[in-house]
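The values are calculated or read from the model by the stated rules, or taken from the named source; none is laboratory data. Computed from a predicted model, the values in this text were never measured in an experiment. We place every Cβ from the backbone using ideal geometry, glycine too, and count neighbours over all the protein chains shown.
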Amino acid sequence: MSKRRAVALLAVVAVASGAGGYAVSRWWLRRDAAGRAPDMPEAVAKAVFSTRLADLQGGARTLEPWRGRVLVVNFWATWCAPCREEIPVFVRMQERYGAQGLQFVGVAIDQPDKVADFAREFQINYPVLLGGLETLELVRLVGNRAGVLPYTLVIDRAGNIASRELGGLKEARLYNVMHPLL
(Lines give C-alpha, C1' and ligand atoms only; values in the text may rest on other atoms or scores of the structure.)
Protein backbone atom coordinates (compact mmCIF):
# COMPACT_ATOMS: atom_id res chain seq x y z
CA MET A 1 0.00 0.00 0.00
CA SER A 2 1.34 3.41 -0.90
CA LYS A 3 1.98 6.05 1.73
CA ARG A 4 -0.70 8.30 0.23
CA ARG A 5 -3.30 5.54 0.33
CA ALA A 6 -2.36 4.66 3.93
CA VAL A 7 -2.81 8.31 5.01
CA ALA A 8 -6.17 8.50 3.25
CA LEU A 9 -7.31 5.25 4.91
CA LEU A 10 -6.17 6.53 8.29
CA ALA A 11 -8.13 9.77 7.77
CA VAL A 12 -11.29 7.83 6.87
CA VAL A 13 -10.90 5.62 9.96
CA ALA A 14 -10.35 8.68 12.18
CA VAL A 15 -13.46 10.43 10.88
CA ALA A 16 -15.56 7.27 11.20
CA SER A 17 -14.27 6.69 14.74
CA GLY A 18 -15.05 10.26 15.73
CA ALA A 19 -18.56 10.09 14.30
CA GLY A 20 -19.16 6.73 15.94
CA GLY A 21 -17.89 7.99 19.27
CA TYR A 22 -20.16 11.02 19.07
CA ALA A 23 -23.19 8.86 18.20
CA VAL A 24 -22.47 6.45 21.05
CA SER A 25 -22.00 9.31 23.54
CA ARG A 26 -25.38 10.80 22.47
CA TRP A 27 -26.98 7.38 22.93
CA TRP A 28 -25.39 6.94 26.39
CA LEU A 29 -26.39 10.45 27.39
CA ARG A 30 -29.91 10.31 25.98
CA ARG A 31 -31.70 13.65 25.73
CA ASP A 32 -35.22 14.64 24.78
CA ALA A 33 -36.07 16.77 21.75
CA ALA A 34 -35.27 19.96 23.69
CA GLY A 35 -31.78 18.68 24.57
CA ARG A 36 -32.60 17.92 28.22
CA ALA A 37 -31.64 14.74 30.01
CA PRO A 38 -34.67 12.73 31.12
CA ASP A 39 -35.79 12.99 34.74
CA MET A 40 -33.85 10.85 37.15
CA PRO A 41 -35.93 7.89 38.37
CA GLU A 42 -36.64 8.05 42.09
CA ALA A 43 -34.43 5.04 42.88
CA VAL A 44 -31.50 6.59 41.01
CA ALA A 45 -32.02 9.95 42.77
CA LYS A 46 -32.02 8.13 46.10
CA ALA A 47 -28.76 6.38 45.22
CA VAL A 48 -27.11 9.66 44.13
CA PHE A 49 -28.12 11.56 47.24
CA SER A 50 -27.58 8.74 49.76
CA THR A 51 -24.28 7.21 48.63
CA ARG A 52 -21.74 7.69 51.41
CA LEU A 53 -18.35 8.97 50.28
CA ALA A 54 -15.26 9.83 52.30
CA ASP A 55 -14.21 13.45 52.54
CA LEU A 56 -10.60 14.66 52.68
CA GLN A 57 -10.74 14.81 56.49
CA GLY A 58 -11.63 11.10 56.75
CA GLY A 59 -15.33 11.58 57.49
CA ALA A 60 -18.23 10.21 55.48
CA ARG A 61 -20.65 12.47 53.58
CA THR A 62 -23.59 12.18 51.26
CA LEU A 63 -24.93 14.70 48.74
CA GLU A 64 -28.15 15.07 50.76
CA PRO A 65 -27.09 18.35 52.48
CA TRP A 66 -26.97 20.03 49.06
CA ARG A 67 -30.43 18.89 47.91
CA GLY A 68 -32.42 21.97 46.88
CA ARG A 69 -29.42 23.70 45.32
CA VAL A 70 -28.33 23.51 41.69
CA LEU A 71 -25.80 20.74 42.15
CA VAL A 72 -22.88 20.11 39.81
CA VAL A 73 -21.36 16.73 40.67
CA ASN A 74 -18.08 16.15 38.88
CA PHE A 75 -16.46 12.68 38.85
CA TRP A 76 -12.75 13.10 38.15
CA ALA A 77 -9.18 11.96 38.86
CA THR A 78 -5.88 13.78 39.37
CA TRP A 79 -4.25 12.00 36.41
CA CYS A 80 -7.06 12.98 34.01
CA ALA A 81 -5.97 15.77 31.60
CA PRO A 82 -9.50 17.05 30.79
CA CYS A 83 -10.24 17.09 34.53
CA ARG A 84 -7.22 19.30 35.13
CA GLU A 85 -8.54 21.72 32.46
CA GLU A 86 -12.11 21.97 33.73
CA ILE A 87 -11.53 22.24 37.48
CA PRO A 88 -10.28 25.89 37.36
CA VAL A 89 -13.55 26.72 35.55
CA PHE A 90 -15.50 25.03 38.35
CA VAL A 91 -13.57 27.00 40.98
CA ARG A 92 -14.41 30.30 39.22
CA MET A 93 -18.06 29.39 38.77
CA GLN A 94 -18.44 28.25 42.40
CA GLU A 95 -17.06 31.61 43.50
CA ARG A 96 -19.24 33.55 41.06
CA TYR A 97 -22.57 31.71 41.46
CA GLY A 98 -22.42 29.97 44.83
CA ALA A 99 -24.45 32.68 46.55
CA GLN A 100 -27.20 32.15 43.94
CA GLY A 101 -27.59 28.49 44.88
CA LEU A 102 -24.97 26.76 42.74
CA GLN A 103 -22.98 24.04 44.50
CA PHE A 104 -20.13 22.07 42.98
CA VAL A 105 -19.08 18.77 44.53
CA GLY A 106 -16.06 16.91 43.20
CA VAL A 107 -15.92 13.14 43.52
CA ALA A 108 -12.36 12.01 42.94
CA ILE A 109 -11.65 8.44 41.89
CA ASP A 110 -8.08 8.52 43.15
CA GLN A 111 -5.79 8.14 46.16
CA PRO A 112 -6.59 10.46 49.10
CA ASP A 113 -3.11 11.99 49.38
CA LYS A 114 -2.97 12.80 45.65
CA VAL A 115 -6.46 14.32 45.79
CA ALA A 116 -5.58 16.47 48.82
CA ASP A 117 -2.40 17.75 47.10
CA PHE A 118 -4.37 18.45 43.92
CA ALA A 119 -7.11 20.29 45.83
CA ARG A 120 -4.50 22.55 47.46
CA GLU A 121 -2.64 23.17 44.19
CA PHE A 122 -5.83 24.07 42.29
CA GLN A 123 -7.33 25.92 45.28
CA ILE A 124 -10.57 23.98 45.02
CA ASN A 125 -13.24 25.99 46.86
CA TYR A 126 -15.97 23.35 46.92
CA PRO A 127 -16.33 19.99 48.69
CA VAL A 128 -14.15 17.18 47.39
CA LEU A 129 -15.19 13.63 48.18
CA LEU A 130 -13.38 10.37 47.50
CA GLY A 131 -14.88 7.58 45.46
CA GLY A 132 -13.80 4.02 44.92
CA LEU A 133 -14.90 1.13 42.75
CA GLU A 134 -18.46 1.35 44.11
CA THR A 135 -18.57 4.94 42.88
CA LEU A 136 -17.88 3.77 39.33
CA GLU A 137 -21.05 1.68 39.64
CA LEU A 138 -22.96 4.81 40.68
CA VAL A 139 -21.52 6.64 37.66
CA ARG A 140 -22.81 3.87 35.40
CA LEU A 141 -26.21 3.97 37.11
CA VAL A 142 -26.57 7.68 36.28
CA GLY A 143 -25.75 7.25 32.62
CA ASN A 144 -22.00 6.89 32.12
CA ARG A 145 -22.05 3.29 30.95
CA ALA A 146 -18.42 3.44 29.83
CA GLY A 147 -17.17 4.72 33.21
CA VAL A 148 -15.21 7.51 31.47
CA LEU A 149 -13.76 10.46 33.43
CA PRO A 150 -14.49 13.27 33.73
CA TYR A 151 -18.23 12.86 34.00
CA THR A 152 -20.46 15.63 35.31
CA LEU A 153 -24.06 15.69 36.46
CA VAL A 154 -26.01 18.92 36.75
CA ILE A 155 -28.95 18.34 39.10
CA ASP A 156 -31.74 20.88 39.43
CA ARG A 157 -33.23 22.08 42.72
CA ALA A 158 -35.94 19.40 42.54
CA GLY A 159 -33.32 16.62 42.36
CA ASN A 160 -33.67 15.84 38.65
CA ILE A 161 -30.73 15.45 36.30
CA ALA A 162 -30.74 18.48 34.04
CA SER A 163 -27.62 17.43 32.16
CA ARG A 164 -25.10 14.61 31.91
CA GLU A 165 -21.76 15.65 30.49
CA LEU A 166 -19.19 13.09 29.36
CA GLY A 167 -15.64 14.39 28.97
CA GLY A 168 -14.17 17.80 29.64
CA LEU A 169 -16.78 20.49 30.22
CA LYS A 170 -16.26 23.96 28.77
CA GLU A 171 -17.39 27.05 30.68
CA ALA A 172 -19.90 28.19 28.03
CA ARG A 173 -21.61 24.78 27.95
CA LEU A 174 -21.80 24.60 31.75
CA TYR A 175 -23.13 28.15 31.97
CA ASN A 176 -25.85 27.40 29.42
CA VAL A 177 -26.96 24.33 31.39
CA MET A 178 -26.79 25.65 34.95
CA HIS A 179 -27.70 29.34 34.64
CA PRO A 180 -31.42 28.79 33.79
CA LEU A 181 -31.67 26.54 36.86
CA LEU A 182 -30.47 29.17 39.34
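Mind checking which pairs have a first residue in segment 122-133 that is without any contact (Cβ under 8 Å) to a residue 24 or more places away in the chain and a second that is crowded, with 21+ Cβ neighbours inside 10 Å, Cβ under 9 Å, 6 or more apart or different chains?
132/53; 132/109; 133/109
Look at residue 170 and say whether it is over 19 Å from residue 49 (Cβ atoms) and under 13 Å from the mean Cα position of the chain (by Cα). Full working, then the answer.
On the way: over 19 Å from residue 49 (Cβ atoms): yes; under 13 Å from the mean Cα position of the chain (by Cα): yes.
For residue 170, the condition - over 19 Å from residue 49 (Cβ atoms) and under 13 Å from the mean Cα position of the chain (by Cα) - is met.
For (1) free of Cβ contacts under 8 Å to residues at least 40 places away in the same chain; (2) outside the structural domain of residue 119 (by TED's automatic domain parsing); (3) farther than 13 Å from residue 175 by Cα; (4) not hydroxyl-bearing (Ser, Thr, Tyr), each residue gets a yes or a no:
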residue	(1), (2), (3), (4)
62	yes, no, yes, no
69	no, no, yes, yes
75	no, no, yes, yes
84	yes, no, yes, yes
88	yes, no, yes, yes
95	yes, no, yes, yes
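Limited to segment 146-178, what total is found for residues that are without any contact (Cβ under 8 Å) to a residue 12 or more places away in the chain and touching a helix residue (DSSP H, G or I) at 6+ places or on another chain (Cβ under 8 Å)? Spell out the reasoning first.
Quick first cut of segment 146-178, residues without any contact (Cβ under 8 Å) to a residue 12 or more places away in the chain only: 147, 158, 172-173, 176.
After this cut, where a residue has to be touching a helix residue (DSSP H, G or I) at 6+ places or on another chain (Cβ under 8 Å) as well, the list is 147.
Counting residues in segment 146-178 that are without any contact (Cβ under 8 Å) to a residue 12 or more places away in the chain and touching a helix residue (DSSP H, G or I) at 6+ places or on another chain (Cβ under 8 Å) gives 1.
Might you check whether a residue that is assigned by TED's automatic domain parsing to the domain that holds residue 162, at positive phi and either of a type outside the set (Asp, Glu) or in contact with a strand residue (DSSP E or B) (Cβ under 8 Å, 6 or more places away or on another chain) (or both) occurs anywhere in segment 127-144? Walk me through how you get there before you give the answer.
Going residue by residue through segment 127-144, those that are assigned by TED's automatic domain parsing to the domain that holds residue 162 are 127-144.
Filter again for at positive phi, leaving 143.
Subsequent filtering for residues that are either of a type outside the set (Asp, Glu) or in contact with a strand residue (DSSP E or B) (Cβ under 8 Å, 6 or more places away or on another chain) (or both) retains 143.
Yes.
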